[in-house]
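Right, one structure below, let's go through it.
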Amino acid sequence: MKSQLKLTRRQALIAASSVPLGAALAGPALAKAEMMGASSIAHSRVKLGAFEVTTLLAGSRAVGEVQGIFGRNVDAAEFNAVSEANFIPSDQAQFYFTPTVVNTGAELVLFDTGLNANGITAALAAAGYTPDQVDVVVLTHMHGDHIGGLMNEGAATFPNARYVTGAAEYNHWNGTDNERFAGNVRPLAEKMTFLEDGGAVASGITAVAAFGHTPGHMTYMLESEGRQLLLFADTANHYVWSLGYPDWEVRFDMDKAAAAATRRKLLGMLAADKVPFVGYHMPFPALGYVETRDSGFRYVPASYQFKL
């Protein structure tokens, strides 16, 4: 008669613990996957009524010494405390450059052109577009990271496009000796239409003055089938240090008092009406909402609202 050996749970654990470590680890070697590095999406597309709205990541870079840019009128202790409360470092930031393409069904409209031609054409290609398909290029303002992709080695990057910008913005820069404006914008003047506040780019796309960041800085309201979205441009340049605290000074704002007043006005409207927006320098894909917070505001990234 064969004997039967039964181990209690305690005995089994003791037996397992006595196995040499080398024997326990013995077995076939497993290949290790290569480190791939950080990655991000290059474009994001949503529906807005009958429109398709595509944000393009045309560039991104890390910057340091950020209180030399944002919150220049607050002390370091406050700046550091706000940064810590929002889980971001107070000494560096990631900048995003986000042109937007709107397909109205009748025209393909590009808002701003990024830092350079290579960046915007690569971003368009990733989203399935070619430069010659662009029917309209709208310039929210004339800072270099918005007009940098207009020309490619002396030729227009978007050969079939007409161009639209604010009259006040163009007139200001045309009276300066700014080299980027002279090389990228002025050669296209004959193809440009100049808008005032409330002017129409196309059906469903309306200019909304947002002066202060630059003398003629414009935002644009999209409206289709009862839905709205504001292309916010550079009204706020950072989702915490500018949007969250609209009275904090930003180095890039040419008229700091006017820029702060504009931020408060437009952010208040977005929060009250629950209108979504795209911010050129918001964390990519740059689409979100605004809610009130104490005396300021809070950025709420979009989740699945545009899929419903």
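Just so you know, all these numbers are worked out from the coordinates, no wet-lab data involved. What you see is a predicted model, and the numbers here were worked out from it, not measured in a lab. Heads up, the Cβs are rebuilt from the backbone with ideal geometry, glycines too, and the neighbour counts pull from every protein chain shown.
A few points about this structure:
- Order of 186, 180 - criterion: other Cβ atoms within 10 Å of each residue's Cβ, fewest first: 186, 180
- Taking Lys and Arg as +1 and Asp and Glu as -1, the other residues whose beta-carbon sits under 12 Å from that of residue 92 total -1.
- On Cα atoms only, tilt of 256-273 relative to the major axis of the chain in degrees: 70
- In degrees, nearest ten, helix 76-85 long axis to first principal axis of the chain (Cα): 60
- Ranked list, fewest to most other Cβ atoms within 10 Å of each Cβ, for 110, 308, 48: 308, 48, 110
- The label-point distance for residue 72 and residue 179, in a model that sets each label 7 Å from Cα toward Cβ, rounds to 2.2 nm.
- When you restrict to C-alpha pairs under 8 Å that are six or more residues apart and normalise by the size of the chain, the relative contact order lands at 15 percent.
- Put a plus charge on the Cβ of each Lys and Arg, a minus charge on the Cβ of each Asp and Glu, and nothing anywhere else: the dipole of the stretch 45-307 about its Cα centre is then about 460 debye.
- For residue 43, the residues whose modelled amide H falls within less than 5 Å of its own, excluding neighbours fewer than 5 places apart on the same chain, are 57.
- Global form of the stretch 158-263, assessed from the alpha-carbon gyration tensor, a/c cut-off 1.5: oblate
- Here Kirkwood radius over Cα pairs in Å was calculated from the structure, and among [x] 23.5; [y] 21.6; [z] 19.5 it sits at label [y].
- Among beta bridges that DSSP assigns inside the stretch 45-307, antiparallel share in %, nearest 5: 75
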